[in-house]
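Laboratory data are not the source of any read-out in this text; all were calculated from the coordinates shown. Owing to the predicted nature of the structure, the values given are computational and were not obtained by experimental measurement. Note: ideal-geometry Cβ built from the backbone for every residue, glycine included; neighbour counts use all protein chains shown.
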Amino acid sequence: MNLIELIGRFHPVLVHLPIGIFVLVIVMDGLTKFEKFSYLSASIRLILGLGIVSAILSLVTGYTLSLEGSNNQDLVDTHQWTAIGTTSLFTAYYLLRQKLMAKQLAHSITLIFLLGMLAWTGHQGGSLTHGEGFLTEGMLEAKATTEQPLDIKDINQAVVYKDLVQYTLNQKCVQCHGAEKQKGKLRLDELSWIKAGGKNGNLINVNNPAEGELIKRILLDDIDEHHMPPKEKTQLTDAELAIFQWWINSGASFDKSVAALAPDAKVIKALASFKEENQKQVTSNKKIRASIEPLDKKRKEKLEKMGWVVSTIALDDYHIRLTGYNLEGTVKDAVDAAAEISDHIVELKLSFSALKDNDLSNLSKFKNIEKIWLDHTDISDISLKQVSALKDLEYLNIVSTNTTANGLRSMMQLPNLKMIYAQGTKITAEERDALKASQSNTKLYFGDSMKSAITDTLFTKKAE
Ligand code: HEC
């Protein structure tokens, strides 16, 4: 990190100073209108002066920070100008305050206006660090972009980038790299953003395709912390991976059709399975929509009262994740209540809860669960027996529980189960090796990679 970068890094901390001081000035100035507080007036000039000095420092650090570049350059530019404007206005206020004080109404209006400018500037800065909509995110229902899967009729006519690559990015990447969030300062929702690249620059390396950041990230081992998408998220299928590699290696054209890029036998196979998956998605989305209603508000509130965190996942509000870190009553009651909306639930998190065996006796009703977290609880194989009713289950976490190799073996019969996290269970080292040797489609993790184990079970900051 060079000096310029170092100075820039102070900006997010430093900006709180002028914001705090200016708010204080406005409050104090407002109070001086009351006789009782008129004595405050004497100190305001000094405080306001300090505020202006700290605002100028924030402008300087902010400017150096902006030199690092951002994917949201437009917002950076606007933020820069509103910040300069706000600082100038406060400076003007410093100079004219005495005169304004004589005119009550004009003074009050000025204060309100200054407060508004301050809030606006601060909000822009917040949007740059937390992503646009960071204020409203929790308040509004998750935006339901009910994007229909595209219906590919003739795969040879499909445009590789738009119909296959971008389509996959929309499904599996854009929730973190889109208009709402720009993780790694990267957006993948439109061509221009993809061309702009992320925090580490270009995504696609035309001269040396294999070195491009995009392909490198998705090809990394899936327990590597830089692997994309992050391992707890829906992964790219083998077919999608093959199509991405083929697209990159053939020059990452943005307008050529499948036929024009002359797929070889392996890619043709991948394309066929991509199309098949795609058709399945089209029909299954139709099916889900036909058979269940969007989640009922009252039921949602009822669950929230019991301590469940209800969050929508994927792109619509039909599918939800229930998280029970802070359940009010017994886990059994909470799970039984959740069973009323079981069709909606695709992810169930009971990590670190007071979960005990037999609390999950109604689990078979949750036909659509794909991921379940039972880690750091007192459960044994009895609970696993109940879990084995979940035919769609893809992911299971039983870290730090009393489960044994027997219980785990029966889980591995589940047709769709891809990953089990099982360190800290009663499974012995020998049994691990035997299980690993026998593993079919299911990957077993026993804490071989501490990092993945930790990131997998710790709470994420935002109560998801
Ligand atoms: C759950 C959120 C999430 C999803 C989904 C996700 N990413 Fe990321 N991505 C991140 C985070 C966080 C970072 C920054 C940390 C890092 O660099 O590993 C990142 C960084 C990246 C970077 C590096 C950008 C740079 O220049 O440093 C690339 C490339 C990337 N992601 C590609 C993808 C692709 C492709 C997908 C979909 C297949 C995807 N991501 C899905 C969260 C996500």
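What ranking do Lys297, Lys183 get, fewest neighbouring Cβ atoms within 10 angstrom at the top?
Final ranking by Cβ density, sparse to dense: Lys297, Lys183.
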What number, in percent, do you get for the relative contact order of the chain if the mean sequence gap of Cα pairs under 8 Å and at least 6 apart is divided by its residue count? 8
Rounded to one decimal in nm, the spacing of the 7 Å Cα→Cβ label points at Gln80 and Gln98 is 3.6
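Is it possible to state the helix-based mean residue ellipticity at 222 nm for the chain, with each DSSP H run of 4+ residues giving -39500 (n - 2.57), the sum divided by total residues, to the nearest 500 deg cm²/dmol? What is it? Could you put the intermediate results ahead of the total?
Numbers: 17 runs with 217 residues, N = 464.
Result for the chain: -15000 deg cm²/dmol, rounded to the nearest 500.
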Using 18 Å as the Cα-Cα cut-off, could you pick out the over-long pairs in Lys367/Lys426; Lys153/Lys280; Lys233/Lys349? Lys367/Lys426
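Could you list Asp392, Asp74 so that the one with the fewest beta carbons within 10 Å of its beta carbon is first and the one with the most is last?
Working: Asp392 15, Asp74 9.
By the 10 Å Cβ count, ascending: Asp74, Asp392.
Expected output is a single nm value to one decimal: the length gained when fully extending between Lys36 and Asp333, i.e. 0.36 nm times separation in residues minus the C-alpha distance. What is it?
Details: separation 297, 0.36 × 297 = 106.92 nm, distance 5.64 nm.
This chain segment gains 101.3 nm when fully extended.
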Compute the FRET efficiency between Asn358 and Ala210 as 1/(1 + (r/R0)^6), taking r as their Cβ-Cβ distance and R0 = 41 Å, and round to the nearest 0.05. 0.20
With 0.36 nm assigned to each residue of separation and the Cα-Cα distance removed, Asn249 to Glu225 gains 6.2 nm
If you fit an axis through the alpha-carbon atoms of helix 104-130 and take the longest principal axis of the Cα set of the chain, what angle between them do you get, 0 to 90°, nearest 10? 30
Estimate the FRET efficiency between Lys199 and Ala272 by the formula 1/(1 + (r/R0)^6), using the beta-carbon distance for r and 35 Å for R0, to the nearest 0.05. 0.45
Angle between the chain longest axis and helix 16-31 axis [Cα atoms, degrees, rounded to 10]: 50
Within the chain, the percent of DSSP beta bridges that are antiparallel, given to the nearest 5, stands at 30
Among Lys36, Lys162, Lys231, rank each residue by its count of other Cβ atoms within 10 Å, from fewest to most, as a rough exposure measure. Lys36, Lys162, Lys231
Placing each pseudo-label 7 Å from Cα in the direction of the beta carbon, Leu6 and Leu50 end up separated by a distance in nanometres of 2.7
So which of Lys181/Lys231; Lys305/Lys371; Lys185/Lys436; Lys269/Lys443 end up more than 29 Å apart, counting from Cα to Cα? Lys185/Lys436
Taking r as the C-beta separation of Glu301 and Leu115 and R0 as 35 Å, the FRET efficiency to the nearest 0.05 is 0.55
C-alpha long axis of helix 265-291 to longest principal axis of the chain, angle in °: 70
